[in-house]
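Quick notes on the structure that follows.
The values are calculated or read from the model by the stated rules, or taken from the named source; none is laboratory data. Small disclaimer: the values here were computed from a predicted structure and weren't measured. Glycine also receives a Cβ, built like all others from the backbone with ideal geometry; neighbour counts cover every protein chain displayed.
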């Protein structure tokens, strides 16, 4: 009887701790982010990558080709992408604050890259986060 009570208590504790530490469905989140970005009129090419790992942290990254003739136009296009990423990401279940390391360049000029931090500066550190995006876009 005593062993059974202990097993039930330990099982309940394990379930509650496990529920707090749930991770997102990385494939589903990545597909949702890619779909949101691909649907934008400024999108030309590129992949959005999503990683949610206990050891490496949570990151949204990728190199995108966006419409725009110069750095200023691509920065504006990347702003649209980042807002779509922020809106889509916050709708996903069990997501954590993620570093956002997207870069964009115009068609035909992959050397002219605009990083996320060039559009939405990080509030702390060197990496923009999903929280920074939410604050920037008033979400």
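Check off (1) in contact with a strand residue (DSSP E or B) (Cβ under 8 Å, 6 or more places away or on another chain); (2) under 22 Å from residue 27 (Cα atoms) for residue 111 and give me the number that stays unchecked.
(2)
Every residue in segment 68-91 that is over 15 Å from residue 118 (Cβ atoms) and surrounded by fewer than 16 Cβ atoms within 10 Å (Cβ to Cβ), please.
Scanning segment 68-91 gives 69, 87, 90, 91.
Can you tell me which residues in segment 51-94 are closer than 14 Å to residue 30 by Cα and without any contact (Cβ under 8 Å) to a residue 40 or more places away in the chain?
51, 53
Go through segment 1-87 and tell me which strands (runs of 3 or more DSSP E), entirely inside it, have 2 or more residues that are at pLDDT 95 or above and closer than 19 Å to residue 128 by Cβ.
Result: 49-53, 57-66.
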